[in-house]
Every structure is written in C-alpha cells, then in structure tokens.
Amino acid sequence: MKKILIVLNNSWHAYNFRFNLARSLKNNGYEVVFIAPYDKKYSELIKKEFEFYDVNIDPKGINPFSDLKTMIILYRLYKVIKPDIVLSFTIKPNIYSSIVAGMIGIKSISNITGLGTIFIKQSLVTKIAKILYKIALEFNDKVFFQNNDDRNLFVENGLIQKNKTGLLPGSGVDLDKFVPTSKKIKNKFKFLLIARLLKDKGILEYIGAIKIIKDKYKNIEFQILGAVGTANNTAIKKNELQIWIDNDLINYLGTTDNVEDVISKVDCVVLPSYREGIPRSLLEACAMEKPIIATNVVGCKEVVEDKKNGYLCRVKDFQDLADKMQMIINLTDEEKMIMGKVGREKIVKEFDEKIVINKYLRIIKEILC
C-alpha cells in the first residue's frame, strides 16, 4: 500500500479543508498520514481515522533557528514514516517539507493556497520567502496554484518552471454540506464577513462602509465571523474589536465549526480582501445561493462575476464597498434569488470539491507510476 503524507501548519485547516481529500485517498487504496501542530479538538478528530504526528510549524514566526529545528524534526519523521509522496499546504510546509522530501528523495506536491501577507507588502521577509520558495519548489514534482495570477507571478519571478505547475479551484466546496436553505428570518438585512481579523482582509474598509450605511438605513446588521488576535502584524487588536462592538457597529460571532448554519441566516457575504488564493468563504456563500461582494483583486475576481452573482468593489475603498452594499440592499427578493442561483451554478460547474480531489488522485497516480 502506497503511503501519502499530508503536511499543514494548522490542525483546524487539516480537518476542515483536507479531510475529504484524505478520505478519498484512503478509499482509493492509499495509506494516509497527517503532520500538523497538535490541538485538543481537531487533531483528536483526525486521529480517529488517520495516523497523526504533532510537529510545531509556526506559520508566522521568523526565527531561523526555530525553523531549522522544524526541518530537522521533519527530516527524522520522514525517515521513520517513509512516505511515497508528500502533499504540503501553506507557506512553511511548502518550503520546509519540500526541501526535506527532496533531500531524502521522496516525491512531493505543493499547493500554493495564497501568497499571504508577506507578498502583499514587499519587505526583506518577502525577499527571503522568494529565495526559499525557489529552492524548495525545485524539489517538487508538481506545484498547484489556486489562480493564474499567482502562478504567473511565480513563473515571471523565476521561482518555478511553468511546466511543473497546475491550477486548482481553491480547496473546493463540499456541495452536499453547503446547500441552499430557507433558515433566513426576514426581520432585518444581514451582511456577513468571514475571515481572520486582519487588516489585509479588508476589516477596516468593512467598518468604514458600515458607518456610511448606518447613517442611511435602519434595521441592518453587520456580522464578523473569524478568529481575533492571530499572530500576524496586520491583526486587529481585541480592544479595537471591542470598540466596534460597544459602538453597535458589528455583531462579532467568534468562530464556529458550523459555518453553513451562520451563512444560512444572512443575506449577503462580504470580503474586501487585498489579495486571496481562492477564498473559501465566497465559495461557500455562493454554494448556499447567497449574493457576494468582494474586491476586484486576485483570488476574489475568480469567484465574483460582477452584477451576476454579486458585485466587485475597488480595493481599500470603503466608499465603493458601501455603494455596492447599498446596491445589494436595494435589490428585490427576486433579484437576490437570481444572483444566488447564478452563484450556486458557478460553484457546481467550477469549484466542486470533487474537481480538486480527482485532480490530486490523477496527478498522484501519474507521479507514483
């Protein structure tokens, strides 16, 4: 039995974004092993079905000694586990796992799920990341990107040869889980932003737009769902969040394992991000027939068809975001329903999770033959 190792920097992501891939690999005769930092909830859920190894992969740390220690641990583990192929996701696993696998002679596939904050603002860290990516991706047998702009950026910067690359529709959507429902209670119009509370996700623009709309409309609710206080230099501070709550600007929902239940109760999902891979929140909202609003940037523009399943707004422009939110508010129920159905049709055609899984199955088979 061929053994496949899946490496991520977060057990939550492993369970919520890659578990169906792991199950499909298992159902196709592969042995699957996970490596990720341990947490009490999601790691234990993974361990009920798969072998799991706890490795501290700090997603945001820039301590070279800590990262070298991570690489040494991965090297020793790979020698013990002896995988036939390694699948890695997110920046540090893509870099360090690929280098380690290459040193040992193990096949590997990286998935560039998005470029992250370091590629939005050019800095010394960005330059170092590009050098490390160039070294690491040389060892990969295949590198998947989630949009063509990111792939072209890597190719044009000489980080990878185009013939090694492939495109995936994000991590896809489980269309059996994210389905249209009639749970919405028509007592007020509700907007929802789903993201970690980072400035690069457009949180400040969302707040700016909310202030404009609240001066013009009554009975509108603005929600945020996502983790606050994450380790990132653009993170919104907890005291900033509390001010927005105290001023009745937003309803903060925290985090949840039942995103579909939250989406079902709103009218529109908003993501004014500065750059994405393919944002899962927009895919899930469309799958549930909700109109969406997002910035006209890499990753978001692949999901939003302007004026068809939602609206595109200018990046870092809270006035334009407010204008698009007002356009949604003023749509008739029938117009919103049509937008929602167009969105669902797009997801079924282009972003079904089965598309992602089948592509992995095919490429893995080709590499291991």
Helix by helix through the chain, keep the DSSP H runs that span 15 Å or more along the axis on Cα and average at least 1.0 on Kyte-Doolittle, and give those back in order.
124-137, 203-214
Using a 10 angstrom Cβ neighbour count of at most 15 plus a DSSP loop assignment to flag exposed chymotrypsin sites (Phe, Trp or Tyr not before Pro), which longest range of the chain is free of such sites?
39-216
Report the Cα centroid-to-centroid distance between region 320-341 and region 241-299 in angstrom, as an integer.
15
Could you list S11, S273, S182, S66 in order of exposure, starting from the residue whose Cβ has the fewest other Cβ atoms within 10 Å?
S182, S66, S11, S273
Restricting to lysines and to Cα separations under 18 Å from K79, and discarding same-chain partners fewer than 8 apart, the set is K2, K3, K69, K107
Using only alpha carbon pairs under 8 Å that are at least six residues apart, calculate the relative contact order of the chain and give it in whole percent.
14
Partner aspartates and glutamates whose C-alpha sits under 18 Å from that of K164, ignoring same-chain residues fewer than 8 away, are E138, D141, D149, D150, E156, E366
Give the longest segment of the chain that steers clear of GluC sites (Glu not before Pro) in DSSP loops with at most 14 neighbouring Cβ atoms within 10 Å, not counting the sites themselves.
139-369
Too long at a 32 Å Cα-Cα cut-off: which of K26/K308; K26/K177; K142/K349?
K26/K308
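For region 189-350, what proportion of DSSP beta bridges, expressed in % and rounded to the nearest 5, is antiparallel?
Within region 189-350, antiparallel bridges account for around 5 percent of the total.
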Please give the calculated 222 nm ellipticity per residue for the chain, where each DSSP H segment of at least 4 residues contributes -39500 (n - 2.57) and the sum is spread over every residue; nearest 500 deg cm²/dmol?
-12500 deg cm²/dmol
Total formal charge among the other residues, if their Cβ is under 12 angstrom from that of E240, Lys/Arg +1 and Asp/Glu -1
+2
Using the alpha carbons of the chain, what is the convex hull volume per residue in cubic angstrom, as a whole number?
135
Below 8 Å, C-alpha to C-alpha, sequence gap of six or more: please give me the relative contact order for region 189-350 in percent.
24
Given bins 10 angstrom wide, list per bin the percent of all Cα-Cα distances in region 189-350, short to long.
11, 44, 38, 7, 0
Arrange M1, M325 by Cβ neighbour counts within 10 Å, fewest through most, would you?
M1, M325
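No lab work stands behind these numbers, since they all come straight from the coordinates. These numbers come from a predicted model, not from an experiment. Heads up, the Cβs are rebuilt from the backbone with ideal geometry, glycines too, and the neighbour counts pull from every protein chain shown.
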